[in-house]
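Below: the structure, in C-alpha cells.
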Amino acid sequence: MKTSFLDFEQPIAELESKIEELRYVQDDSALDISEEIDRLQQKSQTLTKDIYNKLGAWQVSQVSRHPQRPYTLDYIQGLFTDFEELHGDRAYADDPAIVGGMARFEGQPVMVIGHQKGRDTKEKIYRNFGMPRPEGYRKALRLFRLAEKFGLPIITLIDTPGAYPGIGAEERGQSEAIARNLYVMAELKVPLIGVIIGEGGSGGALALGVVDHLMMLQYSTYSVISPEGCASILWKSADKAPEAAETLAITANRLKTLGLIDRIVAEPLGGAHRDPEVMMQTLRRALKDELALLQAKSTTHLLEARLDRLMSYGKFKENPVR
Amino acid sequence: MSWLQKLLPPKIKRSLGESKKTVPEGLWSKCPSCEAVLYRTDLENNQEVCPKCSYHNRISARTRLDFVLDPEGRYEIGAEVTPLDPLKFKDSRRYIDRIKASQAETGETDALVVMQGAIKTIPVVAAAFEFKYQGGSMGSVVGERFVRGVQVAIEQKAPFICFSASGGARMQEGLFSLMQMAKTSAALTQLSRAQLPFISVLTDPTMGGVSASFAMLGDIIIGEPQALIGFAGPRVIEQTVRETLPEGFQRSEFLLEHGAIDLIVDRREMRDKLSTLIGNMMRLSAVA
C-alpha cells in the first residue's frame with residue numbers, strides 16, 4: 001500500500017515521489033541510476049528522522065490518527081493466535097466499535113479487548129469511527145468477568161476518539177456503562193495490561209484503561225479531551241487545537257514524565273504504519289516482559305498494588321492541618 | 001492593622017471592612033422558570049425552591065450541607081488539600097489565575113466540600129460540589145477530598161453521600177483529571193467491601209467525567225427534579241447527530257423513565273428521605 005503523508009510530512013512525500021519516478025525510469029534505462037536512488041533514500045530517511053525528532057504535540061496527535069495506522073484487529077492478527085471474537089452485551093446489541101475475545105499470546109490463553117476503527121468509508125461507519133456506545137462497554141465488562149472466571153490475563157488495546165455523543169447512547173446509560181467498567185476493573189482478580197495504540201480519547205479510553213500496567217506507543221496520545229474540543233471551549237476556536245494539544249500534555253513523553261503511564265513502546269521511524277512488522281515485534285517483546293512480571297505476583301499483591309496506584313493519582317498541595 | 005486604619009474613627013473603620021454587606025441584597029428575586037417575582041426571604045425559607053412552580057435553584061456546597069446535616073457535630077474533611085497547577089496550563093488565562101479568581105469568588109479552595117456529620121443523629125459523611133468553582137469540575141483536589149471522605153466513612157462505619165453538581169473533568173489538569181474518575185470509582189469498591197451505603201444525589205447539572213464515574217455508582221441514585229444529567233452535553237450531541245433533542249432529554253425525569261436512577265426527591269424532602277433510606281440500609285431501629 002502506498003504511504004499517505006500528513007501535512008507536516010510534505011517534504012518527505014516529495015522526496016519519496018521523486019524516488020518512485022526514478023525507479024520507474026530505471027526499469028527501461030541503459031543508464032545505472034541506482035546510486036542516485038540510494039542517495040535519495042538516505043536523504044529521505046534523514047529528513048524523516050529530523051522531522052520526527054521534533055514533532056509537536058499536535059503533530060503527534062495527527063500521527064496517532066493516521067488513516068493507515070494499525071488498528072486493534074491488525075495487532076490481534078499480528079500478535080495473537082486462535083483469536084475467536086465474542087460478540088454482544090447480552091442485553092441490547094453488539095457494538096462493532098469494541099472487539100474482543102479469547103486468544104493465545106505466546107502460547108498462553110488471554111482475553112484481548114480493544115476499540116476498533118474502520119479503514120474505508122463503509123467500515124468507518126460500521127465501526128462508528130471507533131466511538132463506542134454503552135453496549136460496547138458492557139460487552140467489554142462481560143468479557144472482563146469471563147476472563148476473571150477462567151483466570152485469563154486481560155490485554156486491552158486503546159484507540160478511540162471518545163465515547164459516542166448520541167441520543168441513544170445517553171438513553172441507554174453511557175455514563176453508567178463507563179463508570180461500571182472503572183469500578184469493576186479496579187478489583188478484577190486477573191492481571192490487566194493496557195496499550196494505547198492510537199488515540200486515547202477521554203472516558204471512552206479510560207473505560208478500557210484501568211490496568212496494572214499502561215503502555216503507550218511512541219506516537220499515540222492520551223487526553224481528558226480532544227485538542228479540538230478543548231480549544232473550542234477554552235479559546236472559543238477549534239483553530240487553536242495545536243496550542244491546546246501542547247498545554248494538555250497528551251504525548252507519551254509528557255505523560256511518562258508526569259508519572260501517568262508506565263512504559264513507552266518505540267515506533268518505527270515515521271510511525272507504526274511505515275513498518276507494521278517491526279511494530280508488532282517491538283510490542284510483542286514489551287507485552288511478554290510485562291505479562292511475566294504481573295503474573296509472578298499473587299492476586300492479593302496485584303490488587304493491592306492496583307489500588308495504591310489508583311489512589312496515588314493527582315497532584316495537590318497538602319497544607320498543615322490547623 | 002495598617003496605619004490608615006489606626007487613624008480612622010471607629011465608624012468609618014467598620015464601613016471600610018464591611019462595605020459589601022451594607023449594600024442591601026436584592027429584596028426580590030425572579031424565578032428563572034415560571035418568572036414569578038418572589039420575596040427573597042420566602043425563597044430562602046423554602047430551600048431555594050420556587051414556592052410557585054417548585055423550580056430548584058442551584059445552591060452552594062455549604063448551603064447544601066446546611067440543608068441536609070444536623071447543625072451540631074460537623075467536621076470538615078480534606079480542607080488541608082488545595083490545588084496546584086501541575087501542567088502550567090495556559091489558555092486565554094493561566095490556570096493559576098483561574099484558581100485564584102474562583103477562590104476569591106466562592107470563598108472555597110476547590111470545587112468539593114466534604115463533611116463528617118449526622119442526619120437526624122445518624123452519623124454520615126457528606127460531600128457537596130461547589131458549582132460556582134470552575135463549574136464544579138473535578139481535578140486532583142476534588143478526587144482526593146472525595147477519597148478522604150470515603151476513608152473517614154469506612155473508619156466511622158458511616159454511609160457516604162455525595163451531592164454532585166459538575167460540568168465534568170477539569171481540562172486544566174489534563175490527564176490528572178481523567179484519572180480522578182478511576183480514583184473515585186476505585187475508592188467506592190472499598191466502601192462496598194465494608195458494606196457501607198453510597199448514596200449519590202445528582203443535582204443540576206451532573207455531566208461528563210463526574211457522571212461517568214462515582215455519580216452513577218450509587219447503591220441508590222437520587223435525582224433532584226429537572227436536573228440535567230448526562231455524559232455528553234446537549235449541544236455536542238445536537239452537533240453530532242444533527243437532530244433536535246427530544247423534550248426533557250437528559251433531565252432527571254427522563255433518566256428515571258429510562259431506568260438510570262432510583263428516584264427523584266424534592267429538595268425540601270431530601271433530609272427525611274435520606275434518613276429513611278439510610279436507616280433501612282444500616283438496619284437501624286426505627287426512628288420515631
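Each value in this text was obtained by applying a stated rule to the coordinates, not by laboratory testing. Remember, predicted model here, so these are calculated numbers, not experimental data. Reconstructed Cβ throughout: ideal geometry from the backbone, glycine too, with neighbour counts over all protein chains shown.
Things worth noting here:
- Local electrostatic count at A:GLY209 - Lys and Arg +1, Asp and Glu -1, tallied over other residues with Cβ under 13 Å: -1
- On Cα atoms only, tilt of A:134-149 relative to the major axis of chain A in degrees: 70
- Two-decimal ratio, region B:70-161, of alpha-carbon radius of gyration to 2.2 N^0.38 Å: 1.19
- Average silhouette area of region A:206-296, convex hull of alpha-carbon atoms, in square nanometres: 7.1
- Cα centroid separation, region A:252-299 to region B:110-164 (Å): 38
- Debye log10 I(q)/I(0) at q = 0.06, 0.09, 0.10 Å⁻¹ for the protein assembly as shown, Cα point scatterers: -0.36, -0.76, -0.91
- Listed residue (A:ALA238, A:LEU260, A:MET216) projecting farthest to the positive dipole end of region A:216-270, Cβ model: A:LEU260
- Kirkwood Rh in Å, taken over region A:145-295 so that all alpha-carbon pairs contribute: 16.6
- Shielding by partners - mean other protein chain Cβ count within 10 Å, residues of A:235-246: 1
- What the pair-distance distribution of region B:128-174 shows, using all Cα-Cα distances binned every 5 Å from zero, is 5, 21, 28, 21, 13, 9, 3, 0 percent.
- Peptides B:175-184, A:282-291, A:59-68 ordered by average Cβ neighbours within 10 Å, highest first: B:175-184, A:59-68, A:282-291
- Average beta carbon contacts from partner chains per residue of B:197-210, 10 Å cutoff: 1
- On Cα atoms only, tilt of A:174-185 relative to the major axis of chain A in degrees: 80
- For region B:21-152, with +1 on Lys and Arg beta carbons and -1 on Asp and Glu, the positive-most of B:ALA127, B:SER102, B:SER92 along the dipole: B:SER92
- In the protein assembly as shown, helices alone account for a calculated mean residue ellipticity at 222 nm of -13000 deg cm²/dmol, with every DSSP H run of four or more residues adding -39,500 (n - 2.57).
- Among the trypsin sites (Lys or Arg not before Pro) within region A:141-235, those in coil by DSSP and having at most 13 neighbouring Cβ atoms inside 10 Å are A:LYS189.
- Taken as Cα centroids, region A:55-112 and region A:159-192 sit 17 Å apart, rounded to the nearest whole angstrom.
- Averaged over A:223-230, number of beta-carbon atoms from partner chains that fall within 10 Å: 4
- By the Cβ-Cβ criterion of under 4.7 Å, the unpaired cysteines of the protein assembly as shown are A:CYS230, B:CYS162.
- Whole-Å distance, taken between Cα centres, linking region A:214-247 and region B:185-219: 28
- Fewest-first sequence of A:CYS230, B:CYS34 by Cβ atoms within 10 Å of each Cβ: B:CYS34, A:CYS230
- Too-long pairs where the Cα-Cα distance tops 22 Å, listed order kept, from A:LYS315/B:LYS88; B:LYS30/B:LYS100; A:LYS189/A:LYS288; A:LYS117/A:LYS240; B:LYS183/B:LYS273: B:LYS30/B:LYS100; A:LYS117/A:LYS240; B:LYS183/B:LYS273
- Rg/Rh for chain B (Cα atoms only, Rh after Kirkwood) is 1.00.
- The radius of gyration of the Cα set in chain A, together with its Dmax, comes out at 21.4, 88 angstrom.
- Rounded to the nearest 20 debye, the dipole size of region A:87-188 about its Cα centre is 180 debye, using +1 on the Cβ of Lys and Arg and -1 on the Cβ of Asp and Glu.
- The eigenvalues of the Cα gyration tensor, multiplied by 5 and square-rooted, give region A:123-215 an equivalent ellipsoid with semi-axes of 22, 15, 11 Å from largest to smallest.
- The alpha-carbon of A:LYS18 sits under 29 angstrom from the alpha-carbons of these lysines, leaving out residues fewer than 8 places away in its chain: A:LYS2, A:LYS43, A:LYS49, A:LYS54.
- Overall shape: oblate for region B:186-288, with the ratio a/c of the largest to smallest alpha carbon gyration tensor axis at 1.5 or above and b/c at least equal to a/b.
- Look at the alpha carbon pairs under 8 Å that are at least 6 residues apart: their mean separation over the length of chain A gives a relative contact order of 15 percent.
- A simple packing score, the average count of other Cβ atoms within 10 Å per residue, orders the peptides B:49-58, A:112-121, B:243-252, B:103-112 as A:112-121, B:103-112, B:49-58, B:243-252, with the highest score first.
- Kirkwood radius and radius of gyration were both taken over the C-alpha atoms of region A:93-167, and their ratio Rg/Rh is 1.02.
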